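Have a look at the structure below, then the notes.
The values are calculated or read from the model by the stated rules, or taken from the named source; none is laboratory data. This structure is a prediction, so every number in the text was calculated from the model and none was measured. Backbone-built Cβ (ideal geometry, glycine too); neighbour counts: all protein chains shown. For the accessible areas, the whole protein counts, side chains as well, though only heavy atoms, and no ligand, DNA or RNA atoms are used. Shrake-Rupley method; radii C 1.70, N 1.55, O 1.52, S 1.80 Å.
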Amino acid sequence: MKVGLVGFAGSGKTTIFNALTGLTAEVGGYGAREKANVGVIKVPDHRVDRLADLYNPKKKTYAEISFVDVAGPQAGADEHAHSGLDPKLVQHMREADALVHVVRAFDHPMLLEAPDPARDFRAFDDELILTDLLQIENRIARLKKEKDSAREADLMNRLKAALEAETLLRDMELAAEEIALIAGFRFLSLKPLLVLINQGEDAAGHEASPEVLSLAESKNLSLIAMSGKVESEIAELAPEEQREFLKDLGIEEPARERFIRAAYALLDLISFLTVGEDECRAWSIKRGTIAHRAAGAIHSDIERGFIRAEVTRFEDLIELGSEARCREHGKLKLEGKEYVVQDGDVVHFRFNV
């Protein structure tokens, strides 16, 4: 899973990036428009730890989230321009599975405007709409020269009309086949979006303002609030010190853990598990993925040669202590290609290539 941290310059994206990854990327790089910081975090999963205790494997591997911190445009810098977002910025955004809009809610000494999360929230939506609209207009112009393109042209004109009415593509009612038809364009306003309110140190541990919470709710968006500066300092501490620091601030858990839950919910992800003497591992897949497709998360050969899936629930395996005992108690199931993999399934895929 790849998540793009986006937003206007000065919103504290790189500070948030450091808080989530534990890295120390340089902050305040207003001129680095082409630069993107990249980092990976492992998703904590107690099930991997428990299974490793049971199997004593050579290694244990957690699911991962990859972050790209994308340099943002200046808020209101080109108020009357109609060119959309910078193409280099857009390319990074298109490569992400989901976007996290980092919104400033703290005073910034280098910015003249006072923080106004609702204003920046709406302004960045406008940027996404304009960028997608330009891409769609170019596509419509090209389709006029192509034969047998009536179906796509009709859909593109519907998308254009929605954007002109200031409707984000993710808010449109699109059929599954329509989404598949436009998937390759990677429209920005169609991507899942999480709003992250970056608050000042004095607001660490507090919720976002009622106005911003109401705005996010009206757009059916998930929202989390954190103080990037405080959380980045916490991320640099040893785990024991982190707990003490959080306790002193009245924060129940590090931002990273709250963010991971929000990101998984945003993308509707679950994890299944594989076990053995070599490795105990968690794999992230979309909720509702069938066994045949889930096998492809491990390797395309397993998907291609799929025979069956041997499935045990994590809770049953821990309670009974071995796959042999799960089989004896009827807790190990043999499932075919169409079985819908569940969160916490421990799976052995049988295949032949």
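Side notes on the structure shown:
- Helix-only arithmetic for the chain: the sum of -39500 (n - 2.57) across DSSP H runs with n ≥ 4, divided by the residue total, places the mean residue ellipticity at 222 nm at -12000 deg cm²/dmol.
- Degrees between helix 150-164 axis and first principal axis of the chain (Cα, 0 to 90, nearest 10): 60 degrees
- Using C-alpha pairs under 8 Å with a sequence gap of at least 6, the mean separation divided by the residue count of the chain gives a relative contact order of 19 percent.
- The range 84-133 and the range 229-289: distance between their alpha carbon centers, rounded to Å: 25 Å
- Using a cut-off of 24 Å between Cα atoms, the listed pairs 60/229; 88/145; 42/229; 58/247; 286/333; 59/229 include 60/229; 88/145; 58/247; 59/229 as exceeding that distance.
- Counting only DSSP beta bridges whose two residues both lie in the chain, roughly 50 percent are antiparallel.
- For residue 119 and residue 350, a Förster radius of 56 Å and the Cβ-Cβ distance give a FRET efficiency of 0.50, rounded to the nearest 0.05.
- Principal axis extents of the Cα atoms in the chain, from largest to smallest and rounded to whole angstrom, are 70, 64, 34.
- Carbon/sulfur fraction of accessible area - the range 304-353, other protein chains in place, 1.4 Å, %: 45 percent
- Accessible area of the chain divided out per residue, in Å², using a probe of 1.4 angstrom: 52 Å²
- Of the peptides 140-150, 247-257, 44-54, the order by per-residue mean of other Cβ atoms within 10 Å, starting with the highest, comes out as 44-54, 247-257, 140-150.
- Chain lengthening between residue 53 and residue 222 when straightened (0.36 nm per residue, less Cα-Cα): 57.3 nm
- Model label sites at residue 337 and residue 290, defined 7 Å from Cα along the beta-carbon direction, differ in position by 0.7 nm.
- A simple charge model with +1 on the Cβ of Lys and Arg, -1 on the Cβ of Asp and Glu and nothing else charged puts the dipole of the chain at about 1460 debye relative to its Cα centre.
- Apportionment of accessible area to carbon and sulfur, the range 111-218, percent (1.4 Å): 50 percent
- Furthest towards positive pole of dipole, 85, 179, 68, structure part the chain, Cβ charges: 179
- Cα Rg, Dmax, the range 161-303, angstrom units: 19.8, 57
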